[in-house]
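Novice: One structure, as structure tokens, below. Some questions next.
What follows is calculated from the coordinates using simple rules that are stated; it is not laboratory data. Everything quoted here is computed from the prediction, not taken from an experiment. Backbone-built Cβ (ideal geometry, glycine too); neighbour counts: all protein chains shown.
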Amino acid sequence: MFGLIGKMRAQPGKRDALLEILRKGTGGMPGCLSYVIARDPQDADAVWITEVWDSEESHRNSLSLPSVQAAIAEARPLIAGFDSSVRTEPVGGVGL
């Protein structure tokens, strides 16, 4: 399995709009075992994304899906930046 955990920063006051775009643009991704989008309760503009994929290749391929490309294009103006990202090797757990 392949995993990513990242912190994204929305433009001030735009986090909820960004969350909505991410929610609607991430369904039906082949190989995606888990894709969790979360608010940071201590930072009004921060979003955490935790992903688990069956392989790194599936993750890479997802970036070419029309729905993901559309979500990226729509979200781009609302994204202020990326604070951190870490690759993980999930081994199991609830939902996996």
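Novice: For the stretch 9-28, what are the residues that are in contact with a strand residue (DSSP E or B) (Cβ under 7 Å, 6 or more places away or on another chain) and closer than 22 Å to Gly95 by Cβ?
Specialist: Leu19, Leu22, Arg23, Thr26
Novice: What pairs come up if the first residue lies in the stretch 77-96 and is at positive phi and touching a residue at least 12 places away in the same chain (Cβ under 8 Å), the second is surrounded by 11 or more Cβ atoms within 10 Å (Cβ to Cβ) and among the polar types (S, T, N, Q), and their beta carbons are under 9 Å apart, counting only those six or more places apart or on different chains?
Specialist: Final answer for the pair search is Gly95/Ser34.
Novice: May I ask you to list the residues in the stretch 60-81 that are loosely packed, with under 11 Cβ neighbours inside 10 Å and not in a helix (DSSP H, G or I)?
Specialist: Answer for the stretch 60-81, where residues must be loosely packed, with under 11 Cβ neighbours inside 10 Å and not in a helix (DSSP H, G or I): Leu63, Ser64, Gly81.
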